[in-house]
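The values are calculated or read from the model by the stated rules, or taken from the named source; none is laboratory data. Computed from a predicted model, the values in this text were never measured in an experiment. Methodologically, a virtual Cβ is constructed for each residue, glycine included, from the backbone with ideal geometry; neighbour enumeration extends over all protein chains shown.
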There are 2 protein chains.
Amino acid sequence: MSFEKLSIRDFVEKVADKSPTPGGGAVSALVGALAASLVEMVANLTLSRADYSDWHAEMEKVVSLMKEKRLTLLESIDLDVKAFDEVMAAYKLPKNTVEEKEKRSQLIQEALKKAARVPYESCRHMKEILKSALSVTEWGNVNAISDAVSAAELATSAFYSAKANVLINLKSIKDEGFKEYMLHELKTFTGEVEGALRSVRQLATQRTGLEL
Amino acid sequence: MSFEKLSIRDFVEKVADKSPTPGGGAVSALVGALAASLVEMVANLTLSRADYSDWHAEMEKVVSLMKEKRLTLLESIDLDVKAFDEVMAAYKLPKNTVEEKEKRSQLIQEALKKAARVPYESCRHMKEILKSALSVTEWGNVNAISDAVSAAELATSAFYSAKANVLINLKSIKDEGFKEYMLHELKTFTGEVEGALRSVRQLATQRTGLEL
């Protein structure tokens, strides 16, 4: 079953119930997809305005990139749930003999790495969505600027939410090289995300006179 | 048609298209519903653990409140779209005579107030979700703490996103008393939301040793 085919109401209910999936990783992927869609909408509302024609080429690029991001992030909902289930399955493997213990431990480590990679990839996507949100905040249809700000705020929280899910998995991962690489990357991404959000807020205030 | 009955994929597509609805207000209501659901899930995952029985009464309260919030916020998706459409419809009214102009102006003001009230009510809900997120971060099942953090991050961005939608509507509202009241309330809410988010991050770090 693919979660994106569920109705909104049913999906929300599945999150709320006592099963741990779909959890924070899956929800942040969905919120990222929603943020990408809002950016895409602002770009579309700019393309339909002739007086913004200087920015139409840029908006075409944004529409194409955001469409790709929303479709990828919708798929990540399922990937996140699957990766979590694999971690749980690995922990349930038998550990009666030395061989079983070693095998189990190895499979847990592999599953944890996969479970860290899904939200890590989401973090990369959120960073790109933030950059496009900045683009539509700067050059997009000013009538839709609150949507651009909404997109930037939501993509930022989806980034932090996905990041928390990477960190929680890294905690049990023993491969120090893998951990260091991810932590270093996440630190760089965080700077980029925060910088883009700050710029979105400043530009929105400049263009509207409001503390959006 | 009710948006909550759409599949996730179709809803995301409707956000992305060149129609201005559903926009940032509707999306923030949905993200609020998702955040409430994550808090509810953490409370449920705490209720299923006997070693957390000291906190079961509190978790029961959280489950009941979050269920109410997610259902209310799902309804707000439709309310937000409807309110926006009414503003657009009012702007399209004829303005050929003095009477028509006055009537149109009055209906625009009424529609704008309604369009401000929907995301304003969402802001109130987000503040409550943040408080419950704090509760499950402090006393909830520690295995689900990244979900509690995710919920808090997402509810905060949904708050700012809804707030931007209030402010953009207030800009064209002439009733100074209405504006002052809302701005004052939003300022108080912002302090509460920021305070709760800070506490969630601190508590999560204390309980896990991670900078979640």
By my count, helices (runs of 4 or more DSSP H) wholly in the stretch A:1-106 with at least 1 residues that are in contact (Cβ under 8 Å) with a residue 24 or more places away in the chain and of a type outside the set (A, V, I, L, M, F, W, C) are A:24-47, A:56-91
Please work out which residue is farthest from B:GLN106 (Cα to Cα), limiting yourself to the stretch B:195-212 and to residues that are away from every other protein chain (no Cβ under 12 Å) and in contact (Cβ under 8 Å) with a residue 24 or more places away in the chain.
-> B:LEU203
Listed by first then second residue, the pairs whose first member lies in the stretch B:154-178 and is under 15 Å from A:THR205 (Cα atoms), whose partner is charged (D, E, K, R), with beta carbons under 6 Å and at least 6 positions apart or on separate chains, are B:TYR160/A:GLU153; B:SER161/A:GLU153; B:LEU170/B:LYS179
Single condition A:SER48 does not satisfy, out of (1) closer than 26 Å to B:LYS5 by Cβ; (2) facing chain B (nearest Cβ under 9 Å); (3) hydroxyl-bearing (Ser, Thr, Tyr) = (1)
In the set B:MET59, B:MET88, the lone residue that is surrounded by fewer than 20 Cβ atoms within 10 Å (Cβ to Cβ), more than 10 Å from chain A (Cβ to nearest Cβ) and among the hydrophobic types (A, V, I, L, M, F, W, C) is B:MET88
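Taking the stretch B:164-189 as the search range and keeping residues that are facing chain A (nearest Cβ under 8 Å) and part of a helix (DSSP H, G or I), which one is surrounded by the fewest Cβ atoms within 10 Å (Cβ to Cβ)?
At the first step, the residues of the stretch B:164-189 found to be facing chain A (nearest Cβ under 8 Å) are B:164-165, B:167-168, B:171.
Next cut, part of a helix (DSSP H, G or I) only: B:164-165, B:167-168.
Working: B:ALA164: 28, B:ASN165: 32, B:LEU167: 21, B:ILE168: 26.
Checking each candidate, the answer is B:LEU167.
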Looking at B:LYS92, B:LYS101, B:LYS14, which one is touching a Ser or Thr at 6+ places or on another chain (Cβ under 9 Å) and modelled with pLDDT of 95 or more?
-> B:LYS14
